[in-house]
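Here the structure is laid out as structure tokens; the discussion comes afterwards.
We did not get these values from a lab; they are worked out from the coordinates using the rules stated. Computed from a predicted model, the values in this text were never measured in an experiment. Cβ placement follows ideal geometry from the backbone for every residue including glycine, while neighbour counts extend to all protein chains displayed.
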Amino acid sequence: MRGLRTSPGAAWATLERLLQEQGAAPRAFERPERAVVLPIREGAEVLGYLYSRVPEGVAPDAWLAKTQSFVSELGVAFRRVKLFQEVERLSEIDGLTGVRRRGAFDKKISEELVRAKTFKTTFGVMLLDIDHFKSLNDRFGHPFGDQVLKRLGAVLNGLVYDTDFVARYGGEEFAIVLPRAEPAGALRKAEAIRAAIEAELFSVGFEELRVTVSIGISHFPRDAGTPEELVARADAALYAAKSAGRNRVVDSDALRRSS
């Protein structure tokens, strides 16, 4: 917008009125000033518009042709950026479960810790482990185990907020980062997740069965001040849930109070 402060192209509201009056196709016009407007496209999709004043001594049609070449290059650049972002996104996604990979989780929890310290907020970390998963694999085979993992990934993605972050932590274990979550709210979310997974019905051959998960929770800043400590506290709570009979949620705070 440099040098366009008083121009129709200085703000979307004025540019939109101009497009309504003049049309959205590439065009040069003389009023309210000598300028050209061209849509920036990716295929049929309009990504935005380029607005440029016509320099003194240059014919508007000649400037339009020159600017059109630049807009074509912009379109190619945008496509490259979008392709790179898509490749980057897919590289973070676990192909089986559809949730993020472990490396993406490690990065996210470190970023969330910095954000929480900066803005004096809290966040929660959940670790979930499928109960008796090895026995399921041994009894029904790895394809069934994969079916369970895939369904759990979909269930978790469907239950959390858009701001929450779900990852496959390893094997049959999942991790969730809950930005700005308070302990009571994270505990309710964990119980809802546990109950939703228990309610899922899986078919294998002529049998139908259910699976359960155990969940451990930790919180920043209540339980720890580093990503490693937060995961360790959640893992200790998860181990306590397993030891207490599985298919349950344990908050790290309960371990501290009971010790």
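Just a few scattered comments:
Matching residues to (1) in a strand (DSSP E or B); (2) in contact (Cβ under 8 Å) with a residue 40 or more places away in the chain; (3) closer than 21 Å to Asp106 by Cβ:
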residue	(1), (2), (3)
Arg139	no, no, no
Val148	no, yes, no
Ala154	no, yes, no
Ile197	no, yes, no
Glu208	yes, no, no
Ser214	yes, yes, no
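- Criterion applied to Gly185, Gly225 was being outside any helix (DSSP H, G or I) and surrounded by fewer than 16 Cβ atoms within 10 Å (Cβ to Cβ), and the one residue passing it is Gly225.
- Qualifying residue in the stretch 115-122 (condition: of a type outside the set (Ser, Thr, Tyr), farther than 30 Å from Leu38 by Cβ, in contact with a helix residue (DSSP H, G or I) (Cβ under 8 Å, 6 or more places away or on another chain) and surrounded by 14 or more Cβ atoms within 10 Å (Cβ to Cβ)): no
- Count of the stretch 170-181 residues which are within 16 Å of the chain's Cα centre (by Cα) and more than 11 Å from Ile197 (Cβ to Cβ): 6
- Summed over the stretch 238-247, the residues that are crowded, with 18+ Cβ neighbours inside 10 Å and outside any helix (DSSP H, G or I) give a count of 1.
- Count of the stretch 48-62 residues which are under 13 Å from Glu30 (Cβ atoms) and touching a Pro at 6+ places or on another chain (Cβ under 7 Å): 1
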